[in-house]
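Novice: What follows is a single structure, and I will ask about it in a moment.
The values are calculated or read from the model by the stated rules, or taken from the named source; none is laboratory data. Since we're looking at a predicted model, the values are computed, not measured. A quick note on method: Cβ atoms are made from the backbone with ideal geometry, for glycine too, and the neighbour counts reach across all protein chains shown.
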Amino acid sequence: MMTIHETLKKVFGFDVFREGQEPVIERILDGKSVLAVFPTGSGKSLCYQLSALHLPGLTVVVSPLIALMKDQIDFLRKRGVAAARIDSSLEPDEYRRIDADLRAGRLKLLYVAPERLSNERFVSKLDRQKISLMVIDEAHCISEWGHNFRPEYLKLARLARGLRVERVLALTATAPPSVADDICREFAIREEDRVHTGFYRPNLELRATPCSATERLKLLQERLKDRPSGPAIVYVTLQATAEDVASALANEGYPARAYHAGMKSEDRDAVQEWFMESDSAIVVATIAFGMGIDKADIRYVYHYNLPKSLENYSQETGRAGRDGEPAVCEILACKDDVVVLENFSYGDTPGEGAVAGVVDAVLAHEGEFDVSTHELSREHDMRPLVVNTLLTYLELAGIIEATVPFYSRYQFVPKRPSSEILRRFDDDRAAFLRRVFACAEKAKTWFHIDLEETARRLETSRERLVRAFTFLEEQGDLTLKVAGLRQGYRIRERPADVGELKRDLSERFAARERNDIERVRQVVALASHRDCLVRHVLEYFGECFDRDCGHCDRCLGDTTPDESKAATPRAPKFDADGIDKLRSEHPNTLGTPRQAARFLCGLTSPRITVSKLTRHPLFGSQSQAPFREVMGAVERVWGTAPSV
């Protein structure tokens, strides 16, 4: 076997390792789990790609970034590395080929999205593999106090243990000390196996320029005009802002296009490809853009709106100047943005009644049970992510324990006549499959089958049905799709005091809300900071930087924060009779002050969406007013007790 230095040269074409890569790889090959905290664009992926070639089994890379998966698969295949990805964009034939390679042990690296690990059939396939290394990309998502908490990440540690994974590599570019501690605790990573290379990027010129909302667009245009042209990203908060700013820039002759999650996927792909190939393109984007974008020569990152946290700021500015050449990262600091950012945080917090409703729904079960996140979301007017977070809290409290996720419905299209399929089986198995097929209902193209109902009718187990369909899919007999995701649980221990449990859970969400609001205020503090910006950011991430950088706008003496730019939030003033009338028409949707405040501030919820109230003139009429003040005004009008 080649040494790691020989592999680095012969397979990847590099002469030397970047800072931090070699100690991470050495620890992995020594059988240790590792946390690697590297800045964006500093070569985290090589740590596991090279390690995988020196390990005997499969390396599973868990990443939420489909664009990153595609780019890395192309990169690895060109170098003769057996790598594949499984995500929702795959065509059926490609999926079957990858599935066959996995079962035959021909893959060295397999990239999957976290959601894929909720697929019981897929987890069953992984369970048959020797997994030498599991890689957790964007590992900060495991921390509920991090800037991008994703409940499904908390389950990865348990899954790794269940699959007998030999070692774990957790990767992140944005982990302050408290978040790093959470990651290491979950994956049993020792203190000495943390590798942190530092966040300082001497080629990045950080700037924070105070401005009013009316000045901002003109200021951006002046920056683009006065500075040498080069690829640029302009980050905004709202999709509508992305469209408006891109249009305004294009009308002035700048090569600008919008990018946001509301666009069709093919349109987003076209913008991304255009940006990657251009040396002067300007993308005006929400945070949906940039994750997994590996473009080395981005010269400018502008924050047209304030970023929602210092972690987001670090991640987004980290996309500039990856080629080591000078790049400018500037915040157009308008404090009008604070209300919008804070309102997003308030909008995700469930009311006490909603929390109590979900807890009661869970505790109504005995023994093993299953739930649908989307059903609970609609029933209790709580976003699916918040429902998943609440269920995760109940797991952490020891009240429930997750068993297996599964799909209640399968959809399939036969690729061969049923007579040809059945001919290959003995009489008993053929008879069983014939009865299974008879339970399916045909729509226009796909057959639909409810697994639980079919298991009852045939007096068989659901597991036998899953095995049968999995086998038929692997043999190429049918194309299979799944639907109706449900998560299995069992009651572990009933709480001694249900009321106290509900209060504790509500307070936990309130604490998360306060934490998110504090993150916004930390960004405001950076924008108004009078001393070295670089030093201020590094201190937040726990990095000791004992000097001023000498190249941010504060050190250069170019910009002084102007407190006169601070905006006065608009006081709430709304049609009290109109909202009262709507409440009487939609009591389950606008029945509480928090629900009404969400509606008035333009924040959607499952019931608001289902009721089509986003089209109502009052929806979003108070989007520039602080959420807490709007909710307080509703409470005063309705004469209700103050909400938490």
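Novice: Give me the pairs, please: first residue somewhere in the stretch 52-75 and over 16 Å from residue 126 (Cβ atoms), second residue anywhere and of a type in the set (Val, Ile, Thr), beta-carbon distance under 6 Å, and either six or more positions apart or on two chains.
Specialist: Every condition considered, the pairs that remain are 53/7.
Novice: Please find, among 452, 420, 375, the residue that is part of a helix (DSSP H, G or I), touching a residue at least 40 places away in the same chain (Cβ under 8 Å) and out of contact with any helix residue (DSSP H, G or I) (no Cβ under 6 Å at 6 or more places or on another chain).
Specialist: Working: 420 fails: touching a residue at least 40 places away in the same chain (Cβ under 8 Å); 375 fails: touching a residue at least 40 places away in the same chain (Cβ under 8 Å).
Result of the check over 452, 420, 375: 452.
Novice: In the stretch 100-115, which residues are under 27 Å from residue 384 (Cα atoms) and either β-branched (Val, Ile, Thr) or surrounded by fewer than 18 Cβ atoms within 10 Å (Cβ to Cβ) (or both)? First the steps, then the outcome.
Specialist: Of the stretch 100-115, the ones under 27 Å from residue 384 (Cα atoms) are 111-115.
Of everything in the stretch 100-115, those that are under 27 Å from residue 384 (Cα atoms) and either β-branched (Val, Ile, Thr) or surrounded by fewer than 18 Cβ atoms within 10 Å (Cβ to Cβ) (or both) turn out to be 112, 115.
Novice: Which members of the stretch 296-316 meet the condition of being more than 21 Å from the chain's Cα centre (by Cα) and of a type outside the set (A, V, I, L, M)? Even if it seems obvious, please write down each step before you answer.
Specialist: Taking the stretch 296-316 first, the residues more than 21 Å from the chain's Cα centre (by Cα) are 296-302, 304.
Once the filter is applied, which keeps residues that are more than 21 Å from the chain's Cα centre (by Cα) and of a type outside the set (A, V, I, L, M), the stretch 296-316 yields 297, 299, 300, 302, 304.
Novice: Name the residues in the stretch 429-449 that are part of a helix (DSSP H, G or I) and under 14 Å from residue 409 (Cα atoms), would you?
Specialist: Taking the stretch 429-449 and keeping what is part of a helix (DSSP H, G or I), we get 429-438.
Those that are part of a helix (DSSP H, G or I) and under 14 Å from residue 409 (Cα atoms): 436, 437.
Novice: Suppose we filter 550, 557, 476 for residues that are in the same structural domain as residue 365 (by TED's automatic domain parsing) and either exposed (fewer than 15 other Cβ atoms within 10 Å of the Cβ) or under 18 Å from residue 308 (Cα atoms) (or both); which single one remains? Please lay out each step first, then the result.
Specialist: Numbers: 550 fails: in the same structural domain as residue 365 (by TED's automatic domain parsing); 557 fails: in the same structural domain as residue 365 (by TED's automatic domain parsing).
One residue alone meets the criteria, 476.
Novice: Right, something else. For the condition under 22 Å from residue 69 (Cα atoms) and crowded, with 17+ Cβ neighbours inside 10 Å, what is the one hit in 303, 260?
Specialist: Numbers: 303 fails: under 22 Å from residue 69 (Cα atoms).
None of the others qualify; the one that does is 260.
Novice: Has the stretch 210-230 got at least one residue that is under 28 Å from the mean Cα position of the chain (by Cα) and either within 30 Å of residue 43 (Cβ to Cβ) or assigned by TED's automatic domain parsing to the domain that holds residue 117 (or both)? I'd like the intermediate steps shown before the answer.
Specialist: First, the residues of the stretch 210-230 that are under 28 Å from the mean Cα position of the chain (by Cα): none.
So far as the stretch 210-230 goes, no, none of its residues is under 28 Å from the mean Cα position of the chain (by Cα) and either within 30 Å of residue 43 (Cβ to Cβ) or assigned by TED's automatic domain parsing to the domain that holds residue 117 (or both).
Novice: Could you tell me whether any residue of the stretch 78-99 is crowded, with 19+ Cβ neighbours inside 10 Å and touching a Gly at 6+ places or on another chain (Cβ under 9 Å)?
Specialist: So far as the stretch 78-99 goes, no, none of its residues is crowded, with 19+ Cβ neighbours inside 10 Å and touching a Gly at 6+ places or on another chain (Cβ under 9 Å).
Residue-wise test of (1) touching a residue at least 40 places away in the same chain (Cβ under 8 Å); (2) hydrophobic (A, V, I, L, M, F, W, C); (3) over 25 Å from residue 175 (Cα atoms); (4) surrounded by fewer than 21 Cβ atoms within 10 Å (Cβ to Cβ).
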position: 8; (1), (2), (3), (4): yes, yes, yes, yes
position: 29; (1), (2), (3), (4): no, yes, no, yes
position: 33; (1), (2), (3), (4): yes, no, no, no
position: 39; (1), (2), (3), (4): yes, no, no, no
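Novice: Wholly within the stretch 158-235, which strands (runs of 3 or more DSSP E) include no fewer than the required count, namely at least 1 residues that are surrounded by fewer than 19 Cβ atoms within 10 Å (Cβ to Cβ)? Don't jump to the end; show me each part of the working.
Specialist: Values: elements: 168-172, 194-196, 204-210, 232-235.
Output list reads 194-196.
Novice: It is to be established whether one or more residues within the stretch 260-276 are assigned to a strand (DSSP E or B) and within 23 Å of residue 222 (Cα to Cα).
Specialist: First, pick out the residues of the stretch 260-276 that are assigned to a strand (DSSP E or B): none.
There is no residue in the stretch 260-276 that is assigned to a strand (DSSP E or B) and within 23 Å of residue 222 (Cα to Cα).
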